[in-house]
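First comes the structure, then the notes that go with it.
The values are calculated or read from the model by the stated rules, or taken from the named source; none is laboratory data. A quick note: this is a predicted structure, and the numbers were derived from the prediction, not measured. Here the Cβ is made from the backbone with ideal geometry for all residues, glycine too, and neighbour counts use every protein chain on show. With ligands, DNA and RNA removed, areas are computed over all heavy atoms of the protein, side chains included. Shrake-Rupley method; radii C 1.70, N 1.55, O 1.52, S 1.80 Å.
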Amino acid sequence: MTMLDQSQLLYCQSCGMPMPSADLLGTEAGGKKTNDYCTYCYEEGSFKQPDLTLEGMVTVCLPYLIEDGMEENAAKAMLEQNLPELKRWKVE
Ligand SMILES: [Zn+2]
């Protein structure tokens, strides 16, 4: 796996997807790009799936990681560890 410069790479704070190009960024109301969320999660200032739970997000992301070649249990463990750290799911 290639190591990317983590200080420059943005990650979606909802699904954890890396967003290396601006067209992957979600938009605020009015169309302004946000650095926080990807276009699949967030558009025009609101989440596309506002009722999605953390467990639901694990289920949504899992097939993509498996498609990328990760073993299912490892992918699930990684999501369950990383997703709660993201802004959308973080409980203060
Ligand atoms: Zn996302």
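Odds and ends about this structure:
- Two-decimal Rg/Rh across the chain, once Rg and the Kirkwood Rh are taken from alpha-carbon atoms: 0.97
- Per residue, the chain reaches -8500 deg cm²/dmol at 222 nm when only DSSP H runs of four or more residues are counted, each adding -39500 (n - 2.57).
- Solvent-accessible area per residue in segment 6-85 equals 63 Å², computed with a 1.4 angstrom probe and all protein chains kept.
- Residues with amide H under 5 Å from that of G26, placed H, sequence gap 5 or more: T34, Y37, C38, T39
- Protection proxy ranking for 13-21, 28-36, using the average of other Cβ atoms within 10 Å per residue and placing the highest first: 13-21, 28-36.
- Spin-label pair Q8/A29, simplified geometry with 7 Å Cα→Cβ offset, distance in nm: 3.5
- When only the Cβ of Lys, Arg, Asp and Glu is charged (+1, +1, -1, -1), the dipole of the chain relative to its Cα centre reaches about 240 debye.
- Of Y40, Y64, Y11, the one that fluctuates the most in a GNM where the chain has Cα springs shorter than 10 Å: Y64
- Using C-alpha pairs below 8 Å separated by at least 6 residues, the relative contact order for segment 6-85 is 22 percent.
- Highest GNM mean-square fluctuation among L24, L62, L52, for the chain modelled with Cα contacts below 10 Å: L52.
- Dipole of segment 6-85 [Lys/Arg +1, Asp/Glu -1 at C-beta], most positive-end residue of Y64, F47, L79: F47
- Neighbours of S14 by Cβ distance under 10 Å: Lys/Arg scored +1, Asp/Glu scored -1, total +2.
- Measuring nothing but protein heavy atoms, the accessible surface of the chain at 1.4 Å probe radius is 53 percent carbon and sulfur.
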